[in-house]
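Undergrad: Quick one: the structure is below, questions incoming.
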Amino acid sequence: MDNFNFYAPTYFAFGKGKEAETGKLVKRFGGTKVLIHYGGGSVVRSGLLDRVKKSLDEEKIAYVELGGVKPNPRSGLVYEGIDLCRAEKVDFILAVGGGSAIDSAKAIAAGVVYDGDFWDFYEGKPVTAALPIGTVLTIAAAGSEGSPDSVITKEEGMVKRGASGEAYRPKFSVLNPELTQTLPAYQTACGITDIIAHLYERYLTNSKDVQVTDRMIEALILAMVEEAPKVIENPNDYEARANIMWGGMMAHNNSCGVGRSQDWSSHNIEHELSAEYDCAHGAGLAVTMPAVFTYNMNHDVMRFAQIAVRVWGCQMDFAHPERTAKAGIEALRSFLISIGMPKNFEELGAKEEDIEKLAHMACYGSENATGTVYGFVNLSQSDVENIYRLML
Ligand code: NZQ
Ligand code: ZN
C-alpha cells in the first residue's frame, strides 16, 4: 500500500425529509448570505427549491439565486455567478441538484476569492481557497457531494477539464434518496454507470497489496449491480435508491482510492465525448469503459481476471486467464446495456470522422498537456485513437 493523507470532513445529513435541515447546516458552517445554485428546473418542478428556501428563511439566512446550470456545466454561468456573489457579498454557496450544479457551484466558490481567471484551476492550478460549499443532492452519480473535484466545460473550444483541491470538499451534503425518485430511468442508469466507473478507475491500479480497498470496491460494484435493476423497474424503490445514493458517495470521496495508484483514462477519454457531443457523462462512460479495458487488458490480465471472478461471477480459467479477463469486460458491457446504456459510437451520437480530433484533444487539449493520457497504462494519441475505434 502506498503512503497517503486522507481528510474528508464533509458532514452528511442522509434520509427522508433531510432537506429541511439545510438552513441549520448553512448556519452551522458559518453562512450568512447564500447563493443558491441549481440546474435547468427539475428542483423548481419538484418543489425542492421552495423547501430549501423555507429552511433558509426559518434560520433568517439571506440568499440570492442563480439557476440554469446545464449538464456538462459551462464556464459562462460560472463567470456570471462569480460577479453575482461579489456584488451581493455572498459568503456561502449552496448547490441544489446534481453533479453539474455542484461542480458549477465549486467553480464559483473558488473564483470569488481568486484574483485571476477561475479557469486557471482547470488548467492544473490546485484549488487552495474557496467560499464554503454545501449541497442538496438530487441524483446519485458524480459523487461531487463528497469529492474535492469539479469538472467544467469552457465554451471557447468546448474544452472539458477538471480541477481539484481540499477547498472543494463540501462542508455538508444533504442526501435524501426520495429526491432521486423523479429521475427518468435513463438518467438513473447514467448515474449508476458513473458510480461504477469511479470504482473501476480506482480498481485498476499498479499498486500492490491493496486488499482492503480492492474488497471495498468489489463490494460497492456488486451492490450497484444488485440495486440497479430494482430502481429501473420501480423508480420509487426507496431502499434501492438509498443504497445507490450512499454507494455513489462512497465510490468517489476516495475512501476506496487511498494508498493506491488510480486509472482515470476512461474519464479523460470520455470527457472529450461529452464536451463534443453534449452526451451524458455516464452514457459516454458506458461506451468508453469496455473499450479502454479491452485495450489495456494485457497490461495486467490477472487484475481483470480477479474482478471478473469476484464481481461478475466468471469461472477462473487458469490455463487462459485472458479468457476470464475478457469475460469480465463482456459481463460489464452486457450489464450496462441491460440498464439502457448505449453500446457504441453511433448510439451515443459520436462520429467516426472525429476520432483523430477527439484523440488530439484528449492528449494535447490543455495548456499543460504532454501528449499522454496518464493512468493504469499511459496512452499516446495513437493509443487513444485505437481506443475510440474500438467503440465503433
Ligand atoms: O438541470 P436539471 O433540470 O436539474 O436536470 C438534471 C439534468 O438534466 C436532471 N436531474 C437531476 N436530478 C434530477 C433530475 N431530473 C429529475 N429529477 C431529479 N431528481 O438530470 C440531468 C443530469 O444532471 P447532472 O447534474 O448533469 O448529472 P450528474 O450528477 O451526472 O453530473 C454530471 C457532471 O458531473 C461531472 C460530469 O463530467 C458531468 O459534467 N463529474 C463530476 C465529478 C466530480 N465533481 O467529482 C466526477 C465525475 O466523474 C464527473 O466527471
Ligand atoms: Zn464520473
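The values are calculated or read from the model by the stated rules, or taken from the named source; none is laboratory data. Fair warning: this is a prediction, and the values are worked out from it, not measured in the lab. So basically every Cβ, Gly included, is an ideal-geometry build from the backbone, and we count neighbours across all protein chains shown. Surface areas here come from the heavy atoms of the whole protein model, side chains and all, with no ligands, DNA or RNA. Shrake-Rupley method; radii C 1.70, N 1.55, O 1.52, S 1.80 Å.
Undergrad: Mind listing just one residue for me: the one in the stretch 87-101 that is among the aliphatic types (A, V, I, L, M) and within 19 Å of Ala20 (Cα to Cα) and, of those, nearest to ligand 2 (Cβ to nearest atom)? Steps first, answer last, please.
TA: First pass over the stretch 87-101, keeping only residues among the aliphatic types (A, V, I, L, M): 87, 90, 93-96, 101.
Subsequent filtering for residues that are within 19 Å of Ala20 (Cα to Cα) retains 93-96.
Numbers: Ile93: 21, Leu94: 22, Ala95: 17, Val96: 20 Å.
Checked the stretch 87-101; the qualifying residue nearest to ligand 2 (Cβ to nearest atom) is Ala95.
Undergrad: Every residue in the stretch 232-257 that is open to solvent by 20 Å² or more (accessible area, probe 1.4 Å) and in a loop (DSSP other than H, G, I, E, B), please.
TA: Of everything in the stretch 232-257, those that are open to solvent by 20 Å² or more (accessible area, probe 1.4 Å) and in a loop (DSSP other than H, G, I, E, B) turn out to be Asn234, Pro235, Asn236, Asp237, Asn254, Ser255.
Undergrad: Oh, and also: Filter the stretch 102-134 for residues that are of a type in the set (Val, Ile, Thr), more than 16 Å from ligand 2 (Cβ to nearest atom) and out of contact with any His (no Cβ under 8 Å at 6 or more places or on another chain) and give the result.
TA: Val112, Val113, Val127, Thr128, Ile133
Undergrad: So, one more: Cβ-Cβ distance below 7 Å, separation of 6 or more or different chains: which pairs start in the stretch 149-170 with a residue that is within 14 Å of Pro9 (Cβ to Cβ) and touching a residue at least 40 places away in the same chain (Cβ under 8 Å) and end on one that is polar (S, T, N, Q) and outside any loop (DSSP other than H, G, I, E, B)?
TA: From residues that are within 14 Å of Pro9 (Cβ to Cβ) and touching a residue at least 40 places away in the same chain (Cβ under 8 Å), the pairs are Tyr168/Ser150; Pro170/Thr135.
Rundown of residues vs (1) within 24 Å of Thr213 (Cβ to Cβ); (2) modelled with pLDDT of 95 or more; (3) open to solvent by less than 30 Å² (accessible area, probe 1.4 Å); (4) not in a helix (DSSP H, G or I), yes/no style:
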site: Gln262; (1), (2), (3), (4): yes, yes, no, yes
site: His267; (1), (2), (3), (4): yes, yes, yes, no
site: Glu270; (1), (2), (3), (4): yes, yes, yes, no
site: Ala275; (1), (2), (3), (4): no, no, yes, no
site: Leu285; (1), (2), (3), (4): yes, yes, yes, no
site: Met289; (1), (2), (3), (4): yes, yes, yes, no
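Undergrad: Would you mind telling me which numbered condition in (1) within 16 Å of ligand 1 (Cβ to nearest atom); (2) out of contact with any His (no Cβ under 6 Å at 6 or more places or on another chain); (3) part of a helix (DSSP H, G or I) Val69 fails?
TA: (3)
Undergrad: Here's another thing I want to ask about it. Quick one: which residue in Gly76, Gly98, Gly124 is within 14 Å of ligand 1 (Cβ to nearest atom) and open to solvent by 10 Å² or more (accessible area, probe 1.4 Å)? So that I can check it myself, show each step before the final result.
TA: Working: Gly76 fails: within 14 Å of ligand 1 (Cβ to nearest atom); Gly124 fails: within 14 Å of ligand 1 (Cβ to nearest atom).
None of the other options fit; the residue is Gly98.
Undergrad: Restricting attention to the stretch 9-37, which residues are among the aliphatic types (A, V, I, L, M) and over 18 Å from Ala105 (Cβ atoms)?
TA: Hit for the stretch 9-37 is Ala20, nothing else.
Undergrad: When only residues in the stretch 279-335 that are without any contact (Cβ under 8 Å) to a residue 60 or more places away in the chain and among the acidic types (Asp, Glu) count, which is farthest from Thr205 (Cα to Cα)?
TA: Asp317
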